[in-house]
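Heads up: the structure comes next, in structure tokens.
The values are calculated or read from the model by the stated rules, or taken from the named source; none is laboratory data. Since the structure is predicted, the reported quantities are computational estimates derived from the model, not experimental observations. Methodologically, a virtual Cβ is constructed for each residue, glycine included, from the backbone with ideal geometry; neighbour enumeration extends over all protein chains shown.
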Amino acid sequence: MSLAYYPGCTLKTKARNLEEPAVASMEALGFKLDELPRWNCCGAVYSLAEDDLIHQVAPVRNLIRAKEQGKDELVTLCAFCFNTLKRANLLMKEDAEKRNTINSFMNEEVDYSGEVKAVHLLEVLRDDIGWEALSQKVKLPLRELKAAPYYGCTLLRPREIAIDSVEDPAILREFLKALGASPVDFPESTRCCGSYQVVSSPDAIAEYARPIFNSALSHGAEAMILTCPLCDYNLGRGQKELIEKQSGFREMPIFYFTQLLALALGLGPQVCHFELNHGSPESFLKEKNLLSQVESVQPIGG
Amino acid sequence: MSAKARKKKSTATAVKHRTKKPAATAVKEEKQTAAKLIPIYIMGKRYEVPEGLTIMKAMEYAGYILIRGCGCRGGTCGACGTFYRKPGDYKLQVALACQKTVEPDMYIAQIPFFPANRAAYDFAKLTTAPEEVFKLYPELFRCVACNSCTKACPQGIEVMDAISALKQGNIAEAARLSFDCIQCGLCTSRCFGELAQYHMFQLARRIYGARIIPRAEHLAEMVKAVNEGRYDRFLDELKQAKEDELKKLYQEREVEPMTAGEDWKPKDTTYL
């Protein structure tokens, strides 16, 4: 089965370790992530100014590209792209006046009124495949992996676009369970990583990361998993500074959820691009016996 | 005889010589010489110029002497990017002044030059990493995908898609999409984010050409063979040939047909 797929710029450069394991994993699960033939930056962040419509043009244009392909669903991997696209779609669906302004500005494109649903890959795994079916495809269960699911903001806020309960999300926990890992819930899992604030306040990066790692560590987590390249950047850099600043912190490896998915499906480390991760996650995975590749992975039909 | 009448007569004579042409064509040519004057507006001032002229020729007809904003006159150099509008249509139109013929009531502004900074770089040190472009042109990330650049391109390039390709780190795609760019700068003049698209594309094509496109290995082999003297004796034969013999060789030479496939070979394979 083919799914219209929007990667986002970062997934083509710094976060190939988010994209490539996802594409390989979905193929192994019988789904083709079919990249839009034309796409542009999603806008990077949803513009909150009521009258700043020019910054809605970029996400809407991508939704139009999906519509042009005859698709009614667009799969995203990057949590930030997901957030921007889904919120822009909501605007186009619900605000007739702004919709008309944007459509009339983009007179070279077909008119758009929110027909394409922006979804995150985690939703595809939960709703289209299902945790039970996913767990049956696992070749290398991630036993003994105590992983803290970190959501950050953009999958869950604002409430209108959340992929799960805003207060008590379960989707990453269930995902980890399906892969055979031991999820470690921790209260700071939806605390903001600092987002783009670190651009104007680079010194604050460690202080944003501190409570998140403190909380995960004190609940017994050995690794953190996340869905967003910006969270990855901030937490990775923040952790590095924390380690440099005080000896109390030891390195906790950070993984994209798609890397664990690929490992569990037996696709091996080569599709995971661990060289792009912060720190040295491979030695950790080796300790956990999770780097051996399972041979003979057959894509299922579909 | 007035200049106009003289011109008419000489054209009529020319038509007469082309006896094989159908009469309809002759009539058409006759009409063209009696060019109707049409109104156009150059920088807001009204002029009447002969129909059928290019914008550039019409400007010259109106009395402009073009020192800048005029180069090859063949649609290749990018010096004569031009904006125009027509009454009753809000849409801004673009053209190359040397290519587009005038239309009644066009309001024309040629943009011979538009300020755009080209980053300085030592090409020998550049790699194919996407970050090379990001560092030299950080304003790349100011693009809001408004697509005004694409609408302003007289070459029909998907300018915004090429900018998107650069943001996605796909230098090869940016080079491919921007291949027809003649660097007229109209995209840059319309950019919401103040990007200098055409300089970025030139960088992309340079990196692509020098570092990404696969080398033609057979060319290197051929150059090596030439340098090793494999073809010297054939040249020596030609050098010693008499004039008549050379003429005969030339006239009887076998030419590769236009439609020849990859596997075409001459009948005489002595020189292969």
- Query: Restricting to the range A:254-283, what's the tally of residues that are over 24 Å from A:Leu125 (Cα atoms) and either touching a helix residue (DSSP H, G or I) at 6+ places or on another chain (Cβ under 7 Å) or not assigned by TED's automatic domain parsing to the domain that holds A:Ala216 (or both)?
  - Reply: 4
- Item | Residue satisfying condition, being over 24 Å from A:Ser104 (Cα atoms), modelled with pLDDT of 95 or more and in contact with a strand residue (DSSP E or B) (Cβ under 7 Å, 6 or more places away or on another chain), within set B:Thr127, B:Thr101 | B:Thr101
- Hits in the range B:76-99 - residues which are touching a residue at least 12 places away in the same chain (Cβ under 8 Å), assigned to a loop (DSSP other than H, G, I, E, B) and surrounded by fewer than 17 Cβ atoms within 10 Å (Cβ to Cβ): B:Thr76, B:Cys77, B:Lys86, B:Pro87, B:Leu92, B:Gln99
- Query: What are the residues in the range B:112-132 that are more than 25 Å from the chain's Cα centre (by Cα) and surrounded by 13 or more Cβ atoms within 10 Å (Cβ to Cβ), if any?
  - Reply: B:Tyr121, B:Leu126, B:Thr128, B:Ala129, B:Pro130, B:Glu132
- Can you find a residue in the range B:154-173 that is more than 12 Å from chain A (Cβ to nearest Cβ) and of a type in the set (Ser, Thr, Tyr)? no
- Given the structure, is B:Ser178 away from chain A (no Cβ under 12 Å), out of contact with any strand residue (DSSP E or B) (no Cβ under 6 Å at 6 or more places or on another chain) and closer than 30 Å to B:Glu60 by Cα? no
- Note on the structure: Residue count, the range B:188-237, condition of a type outside the set (D, E, K, R), free of Cβ contacts under 8 Å to residues at least 40 places away in the same chain and touching a helix residue (DSSP H, G or I) at 6+ places or on another chain (Cβ under 7 Å), comes to 2
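Yes or no, residue by residue, for (1) more than 16 Å from the chain's Cα centre (by Cα); (2) within 14 Å of chain B (Cβ to nearest Cβ); (3) among the hydroxyl-bearing types (Ser, Thr, Tyr):
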site: A:Asn40; (1), (2), (3): yes, yes, no
site: A:Glu50; (1), (2), (3): yes, no, no
site: A:Gln56; (1), (2), (3): yes, yes, no
site: A:Lys86; (1), (2), (3): no, no, no
- Note on the structure: Cβ pairs under 6 Å, 6+ apart or interchain, first in the range B:159-181 and outside any helix (DSSP H, G or I), second of a type in the set (D, E, K, R) and surrounded by fewer than 23 Cβ atoms within 10 Å (Cβ to Cβ), ordered by first then second residue, are B:Gln168/A:Lys12; B:Gly169/A:Lys12
- Item | Filter result (among the aliphatic types (A, V, I, L, M), touching a residue at least 12 places away in the same chain (Cβ under 8 Å) and out of contact with any Lys or Arg (no Cβ under 7 Å at 6 or more places or on another chain)) within the range A:175-222 | A:Leu176, A:Ala178, A:Leu179, A:Ala181, A:Val198, A:Ala209, A:Ala216, A:Leu217
- Note on the structure: Apart from one, (1) in contact (Cβ under 8 Å) with a residue 40 or more places away in the chain; (2) within 14 Å of chain B (Cβ to nearest Cβ); (3) outside any helix (DSSP H, G or I); (4) aliphatic (A, V, I, L, M) all hold for A:Leu33; the odd one out is (2)
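Conditions tested, residue by residue: (1) part of a helix (DSSP H, G or I); (2) of a type outside the set (S, T, N, Q); (3) crowded, with 20+ Cβ neighbours inside 10 Å.
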residue	(1), (2), (3)
A:Leu63	yes, yes, yes
A:Asn83	yes, no, yes
A:Asn100	yes, no, no
A:Glu108	no, yes, no
A:Gly114	no, yes, no
A:Glu132	yes, yes, no
A:Leu140	no, yes, yes
A:Arg157	no, yes, no
A:Ser165	no, no, no
- Item | Which numbered condition B:Ile182 misses (of (1) farther than 27 Å from B:Ala210 by Cβ; (2) touching a Ser or Thr at 6+ places or on another chain (Cβ under 7 Å)) | (1)
- Message: modelled with pLDDT of 95 or more and assigned to a loop (DSSP other than H, G, I, E, B): which single residue out of A:Gly266, A:Gly279, A:Gly248 fits that description?
- Response: A:Gly266
- A:Ala24 being touching a strand residue (DSSP E or B) at 6+ places or on another chain (Cβ under 9 Å), of a type outside the set (Ser, Thr, Tyr) and outside any loop (DSSP other than H, G, I, E, B): no
- Item | Residue check, A:Ala24 in contact (Cβ under 8 Å) with a residue 12 or more places away in the chain, farther than 20 Å from B:Val144 by Cα and within 18 Å of the chain's Cα centre (by Cα) | yes
